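Remarks on the structure that follows.
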Amino acid sequence: SLGLREVGGVLQCADSHAFDSLLAVNGILPDSAMDAEALLNAGGDLTLSLERHQYGLPNRIACSDRGWIYLERFITMVVAAMVKDSAFEDMVSANSPELLREIHAGAAFLRSTASRAARQRAASVPRTQTHDLACIVGGRYCCAHFVRASWEVTLDSFEERLKQKQFSAASIDKSLNPALRSKSVNRRTSNTESTVGCSDAQIVAEIMRNLVADLAVHWEAKQAQRLVRQSVVETLRTYVVDWNSFTPGYMQRIQDNASRDCLFIVFLALAPLVLMLGPLLLPYQPPDRGWRDNWLFLFVGEPWLAVSCFLFIPQWIQLALNMPLPRRCTILWPVITALVTGILCPTGFSMVTGIFPCPFTPVFVSFLCVMCLPGLWLLLPRHMRSRRAAEKFIRALVVQVGLTFTFCIGYPFLNVALQHATQVWETATLGVIFLGVRIAFEHAAELLAEDLGPDVKPAVVFMAELAYQAALCDFFRNASHWFVFALFVGMDVVENIYYLFCFMRCKPVRPKADIVASDVAVAAGNDATPGGSERAISKESPYIEDAWRDGFCDGGAASVAAVLLVRELADCLAPTTFSIALVLLYWGPGSMFNDWVATAGTNDIFRTLRFLLIALIIEFVMVAITFALLRSKGLRPLSFLRGVVVGASTSYYMCAVSTAVCWYGCLQLAHNGCDFSFRLHWLTGGAEWRGGLLWEPHV
């Protein structure tokens, strides 16, 4: 016996082959259960055509037309209406733009109703104390009537949409009782009336009415509870960095590459020294002997320095586009660009004018490099050159150009101003500007990189912090007052404490979605089987859940931790690399050509190294405190840092260190003509080179 019954126009088996549907008997399509039973009882051999549905009948109603899902979306609208409109994107995510617009419009409608009701309620408060009690009570009664009327009008508009929804027969009782599948949305006369025998449409409508009735009375209190998380500190910390969660893919790469292996830090510190010290230690001829005698610099040293700096650009583009680039982009383009810029400047300039060195060679080479950036786009494979990739490429280039002009050109001139400051207030003012420029660049770069995704945030912060620290190390070379040193180190300590405070405010609780409105049923008898693709989900993922086991609150906490640790990494790498380079240059064969050590005595070198050593000790203390606090949250800092670096691109971080140190090193090379006093004595002829960047004209 099959135990046939009619469920939503389908003949469903109840006994054997439970939940399967009967399609035909001996090739005959029965119209009803009685016709099917008659065919089955006719005797003889039977051939049955069954459709397997071991988990129940599929719900073929689109998600946007289901009544229970509309209730879930209405609840989402209510919760979203209690916060500011700007926070909507952080609360609700969906793979359907139409669904997002629907929820956003509904939340805005409810928010406007609440604002209008609040104004009407405020109008009931008497302006003077001369009103009698009857006037006050009457005014408030009149206002309450209008407030309820506003909410009733709002509810009516949502109930009109509810009438257009469908409720499928997902359970046997509803399939056998058509009254329970009624689409009518009639008003209940009593809130205490039993829900037994009510249709799904009536139950959903009643839930919506009760919800709106409660909001009409307690809206302000409910809204205040939702907004309590948006404190002044939360608003302040978004000024420096926006703590959007990492993408699940990057979180997975972080976890895959997290380990206790710390050799990557040694690699990041030592590998850039090879790229930097090689061209700075070559046996050049004195620059006043002309360009012919300095062919080693023109054809080896300058291209080497240029390639060392240009390698960073395709690595940044690769990270911004979130796709691996071929070797013709990561290696061939930097080499070709270095050769082209070297031929034009300084080689071409010196050969045409007879002047050597070319004034401010690194600055002019930077301008020429910017002009070669479109060539990098043309070297991309054709399938990568989509419109979306072009938009990301342009944004990444804007960040790159901003980095070049801010730190590679602007900071050296600001450094000169700091070195010539004589008053304490001048030094303090320039120090604030020194730090403010970096913070402004980080914030502007993050705004430009919003379209690139939150995964590039640590990379942007690392490049800005590293360039800042490299400029700071260059400044310590000429620092003579402990107050100036303490000012800059103190600002770094305060900033590190700030980032630690941001991370420690994250509560170690299991991630929980604020809003979930999906096409999955929430109760028996609802639209039980998914049949559509639209889905509104919380911004959580299994990767974030796994990360919580290591101490994360959510992906945003992972972002704070990543930014904090890459800043600490940059703060340690820059003075370490600079100290090693300073020692090797001072006792190296090319010391006379580098302004860092050419005009400095042993006492000056030891004073600079003392400043750098004290700065490193302070940074290591901050690192120890940071690691201890992160471990108290259950996070393994060193393993997580390795995951952040390797999960993004180790070559990017290595090239960033190499570019920052190499750039400030080549500015000090006498053959590059970076005379920041702007006297440029060798242009007039007859000047004699004295060492470093010092030239003396003949009298």
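A few comments on the model shown:
- Unique match (being of a type in the set (S, T, N, Q), within 28 Å of residue 264 (Cα to Cα) and open to solvent by less than 50 Å² (accessible area, probe 1.4 Å)) among 649, 632: 649
- Residues that are in contact with a strand residue (DSSP E or B) (Cβ under 8 Å, 6 or more places away or on another chain) and farther than 25 Å from residue 247 by Cα, drawn from the stretch 75-116: 75
- Some residue of the stretch 638-645 being open to solvent by 40 Å² or more (accessible area, probe 1.4 Å) and of a type outside the set (Lys, Arg): yes
- Residue count for the stretch 431-453, restricted to those that are open to solvent by less than 30 Å² (accessible area, probe 1.4 Å) and either at pLDDT below 75 or in a helix (DSSP H, G or I) (or both): 10
- All helices (runs of 4 or more DSSP H) inside the stretch 302-395 with 3 or more residues being within 28 Å of residue 273 (Cα to Cα) and in contact (Cβ under 8 Å) with a residue 12 or more places away in the chain: 302-310, 312-321, 333-342, 361-371
- Of all residues in the stretch 265-277, those satisfying the criterion of being open to solvent by 20 Å² or more (accessible area, probe 1.4 Å) and either over 31 Å from the mean Cα position of the chain (by Cα) or modelled with pLDDT under 80 (or both) are 271, 274, 275.
- A single member of 421, 428 is of a type in the set (A, V, I, L, M, F, W, C), without any contact (Cβ under 8 Å) to a residue 40 or more places away in the chain and surrounded by fewer than 21 Cβ atoms within 10 Å (Cβ to Cβ), and it is 421.
- The residue list 36, 18 contains one member that is out of contact with any Ser or Thr (no Cβ under 9 Å at 6 or more places or on another chain) and farther than 30 Å from residue 201 by Cβ, which is 36.
- Count - residues of the stretch 2-48 that are on the phi > 0 side of the Ramachandran plot, surrounded by fewer than 17 Cβ atoms within 10 Å (Cβ to Cβ) and not hydrophobic (A, V, I, L, M, F, W, C): 7
- When residues of the stretch 49-83 are limited to those that are modelled with pLDDT of 75 or more and among the charged types (D, E, K, R), the one most open to solvent (accessible area, probe 1.4 Å): 52
- Checking residue 335 against (1) farther than 24 Å from residue 404 by Cα; (2) at pLDDT 85 or above; (3) surrounded by fewer than 21 Cβ atoms within 10 Å (Cβ to Cβ), the condition it does not meet: (1)
- Of all residues making up the stretch 279-301, the number that are more than 25 Å from residue 653 (Cβ to Cβ), open to solvent by less than 20 Å² (accessible area, probe 1.4 Å) and part of a helix (DSSP H, G or I): 4
- Flag if residue 582 is more than 12 Å from residue 565 (Cβ to Cβ), in a helix (DSSP H, G or I), open to solvent by less than 10 Å² (accessible area, probe 1.4 Å) and in contact (Cβ under 8 Å) with a residue 24 or more places away in the chain: yes
The values are calculated or read from the model by the stated rules, or taken from the named source; none is laboratory data. Everything numeric in this text was worked out from a predicted model, so none of it was measured. Glycine also receives a Cβ, built like all others from the backbone with ideal geometry; neighbour counts cover every protein chain displayed. Just so you know, the surface numbers come from the protein's heavy atoms only, side chains and all, with ligands and any DNA or RNA stripped out. Shrake-Rupley method; radii C 1.70, N 1.55, O 1.52, S 1.80 Å.
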